[in-house]
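Since the structure comes first, as structure tokens, the remarks are kept for the end.
The values are calculated or read from the model by the stated rules, or taken from the named source; none is laboratory data. Since we're looking at a predicted model, the values are computed, not measured. Heads up, the Cβs are rebuilt from the backbone with ideal geometry, glycines too, and the neighbour counts pull from every protein chain shown.
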Amino acid sequence: MKVVHTIQELRDHLRGQNRASFVPTMGNLHEGHLALMKTARQHGDPVVASIFVNRLQFGPNEDFDRYPRTLQQDIEKLERARDVYVLFAPDEREMYPEPQKFRVQPPDDLGDILEGEFRPGFFGGVSTVVLKLLSCVQPRVAVFGKKDYQQLMIVRQMCRQFQLPVDIVAHETVRDVDGLALSSRNRYLSPEERAEAPTLYACLTDIKQRVAAGEHDLKALEQAAIDRLTPRGWQVDYLSVRRQRDLLRPEPAEVGAGEPLVVLAAAKLGATRLIDNLEL
Ligand code: PAF
């Protein structure tokens, strides 16, 4: 695997390739990321991964400074997995050599709801860096995890509306045996919090089963989940059943009538904020 830190080196390595498959990450790689890279390999060649902790997508009170930066261990994991041909690991000056004044502005009705409501500017920061990374790598395919469901939708729409010549492939969320979605932020959890963390997924699974069994009062189902989580120490930002196609609330008549739904949640356990979702 080649590790490159500049756009020029990246382009030199990719010259003449037009079937590259790309996985952007912020590093601190876990099995979930490695699964994305394995999938990327099925969709194109060579596989390019990036590691860049993107300041633009962190709010002023978020964990940009303490976000785990583990480049050496990440390189070792990628070397062992043998799926990636080029790792692009730019520093901040390479990605943002001057103040980034042109920004991608996601539409309000998708970018300012759910995660966007609790993390203002987050999806603008994500979209801007993803556009820049796609421009650097120029892949034919890019793979994104469904764990960041709203991010995946926004990236898809951005690529479609800017007519970027890239196919966005969605990858199922990779979970630990107890159901907890793999995330770099799981490492912040204390042993007690780690034991509690799968309850979030258990609540989503419960909603899925109850909707499948014919319970259609979504507000009641959401509230029951929040009431289960809160006394266990969770602070729920949102837990909401939405339409898969636009992440808006379904009309009552749409529930149980074939409209594909997804339940999305974000909640803090101690100081750690976890997100998860499940298609119903
Ligand atoms: O999902 C992530 O890790 C980040 O949001 C991404 C897509 C790499 C952009 O910084």
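Just name the residue that is nearest to the ligand (Cβ to nearest atom) out of those in segment 9-68 that are surrounded by fewer than 16 Cβ atoms within 10 Å (Cβ to Cβ) and small (Gly, Ala, Ser).
Per the stated criteria, the residue is 59.
Here's the yes/no breakdown for (1) outside any loop (DSSP other than H, G, I, E, B); (2) within 15 Å of residue 275 (Cβ to Cβ):
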site: 128; (1), (2): yes, no
site: 148; (1), (2): yes, yes
site: 165; (1), (2): no, no
site: 169; (1), (2): yes, no
site: 187; (1), (2): yes, no
site: 194; (1), (2): yes, no
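Can you tell which of 38, 2 is of a type in the set (D, E, K, R) and touching an Asp or Glu at 6+ places or on another chain (Cβ under 6 Å)?
Values: 2 fails: touching an Asp or Glu at 6+ places or on another chain (Cβ under 6 Å).
Within the list 38, 2, the selection yields 38.
Going by what's in this entry, would residue 176 be described as more than 15 Å from the ligand (Cβ to nearest atom), touching a His at 6+ places or on another chain (Cβ under 8 Å), over 14 Å from residue 280 (Cα atoms) and in contact (Cβ under 8 Å) with a residue 12 or more places away in the chain?
Details: more than 15 Å from the ligand (Cβ to nearest atom): yes; touching a His at 6+ places or on another chain (Cβ under 8 Å): no; over 14 Å from residue 280 (Cα atoms): yes; in contact (Cβ under 8 Å) with a residue 12 or more places away in the chain: yes.
So residue 176 fails the test.
Counting just the residues of segment 76-97 that are touching a residue at least 60 places away in the same chain (Cβ under 8 Å), in contact with a strand residue (DSSP E or B) (Cβ under 6 Å, 6 or more places away or on another chain) and more than 12 Å from residue 25 (Cβ to Cβ), which one comes out farthest from the ligand (Cβ to nearest atom)?
85
Examine segment 221-238 for a residue that is surrounded by 13 or more Cβ atoms within 10 Å (Cβ to Cβ), at pLDDT below 95 and not charged (D, E, K, R), and state whether such a residue exists.
No, segment 221-238 contains no residue that is surrounded by 13 or more Cβ atoms within 10 Å (Cβ to Cβ), at pLDDT below 95 and not charged (D, E, K, R).
Tally the residues that are more than 9 Å from the ligand (Cβ to nearest atom) and surrounded by fewer than 22 Cβ atoms within 10 Å (Cβ to Cβ), restricting the search to segment 137-148.
So the answer is 4.
Report whether or not residue 115 is buried (at least 16 other Cβ atoms within 10 Å of the Cβ) and acidic (Asp, Glu). Please lay out each step first, then the result.
Working: buried (at least 16 other Cβ atoms within 10 Å of the Cβ): yes; acidic (Asp, Glu): yes.
Spelling it out, residue 115 is indeed buried (at least 16 other Cβ atoms within 10 Å of the Cβ) and acidic (Asp, Glu).
Determine if segment 211-229 includes at least one residue that is part of a loop (DSSP other than H, G, I, E, B), small (Gly, Ala, Ser) and more than 27 Å from residue 29 (Cα to Cα).
Narrowing segment 211-229 to residues part of a loop (DSSP other than H, G, I, E, B): 213-217.
Narrowing the set further to residues that are small (Gly, Ala, Ser) leaves 213-214.
Remaining after also requiring more than 27 Å from residue 29 (Cα to Cα): 213-214.
For segment 211-229, residues part of a loop (DSSP other than H, G, I, E, B), small (Gly, Ala, Ser) and more than 27 Å from residue 29 (Cα to Cα): present.
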